[in-house]
1. Here is a list: A18, A76, A11. Which entry is modelled with pLDDT of 80 or more and not acidic (D, E)?
2. Need at least 2 residues that are open to solvent by 50 Å² or more (accessible area, probe 1.4 Å), of a type outside the set (G, A, S) and closer than 30 Å to M26 by Cα per element, so show me which helices (runs of 4 or more DSSP H) inside the range 56-143 make the cut, counting only ones lying wholly within it.
3. Exactly one condition in (1) open to solvent by less than 80 Å² (accessible area, probe 1.4 Å); (2) under 22 Å from M26 (Cα atoms); (3) of a type in the set (V, I, T) is false for V45; which is it?
4. If you go through the range 93-116 one residue at a time, how many are of a type in the set (V, I, T), out of contact with any helix residue (DSSP H, G or I) (no Cβ under 8 Å at 6 or more places or on another chain) and under 14 Å from L141 (Cα atoms)?
5. Can you find even one residue in the range 77-97 that is touching a residue at least 60 places away in the same chain (Cβ under 8 Å) and out of contact with any strand residue (DSSP E or B) (no Cβ under 9 Å at 6 or more places or on another chain)?
Amino acid sequence: MSVCNLTANIANSIVGFAVLTLPTGMERLSDNGMATSEALGVGVVLLLVFGTLNAWTFTLIAEACERTGTCSYTAAWQKTLGPRTAWLVSSSTLLISFNNAVICQSIIGVCLTDLIGFFLEAPEELPRLRIQLLVVVAVLLPL
């Protein structure tokens, strides 16, 4: 995979979650009494903080790969700490991927329920759990 493709995939993952969660979070803050401008400020600050942390983390991983002459995080780990503990990288990546899938289905379920409720003008009557299960079975499971 080329650097351009990898960068596009990472940006897509990060932006995808932000696009779904930021407006919903800001709406919830506004609904709970925070002014719209304050909610927007909190959202922008959080976006900048987490964007900076992600960029710093990716930079550290890239630097570790460059210093060890490897092309992956797992290979850099093996070269610096030995192959005996390399399973930790794969296991943590698997756990993070599972966690992201759960978060993604939750976000999609909440946003989709709110969106359907807005168009039907009856958000209290929608079965959120059924909509989330439908999203998991129809969208996420085939992935």
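1. A76
2. 87-120, 128-135
3. All conditions pass for V45, except number (1).
4. Total meeting the criteria: 1.
5. No, the range 77-97 has no match at all.
The values are calculated or read from the model by the stated rules, or taken from the named source; none is laboratory data. No experiment lies behind these values; they were computed from the predicted model shown. Counting neighbours? That spans all protein chains shown, and the Cβs are built from the backbone with ideal geometry, glycine included. Heavy atoms of the whole protein, side chains included, go into the accessibility calculation; ligands, DNA and RNA do not. Shrake-Rupley method; radii C 1.70, N 1.55, O 1.52, S 1.80 Å.
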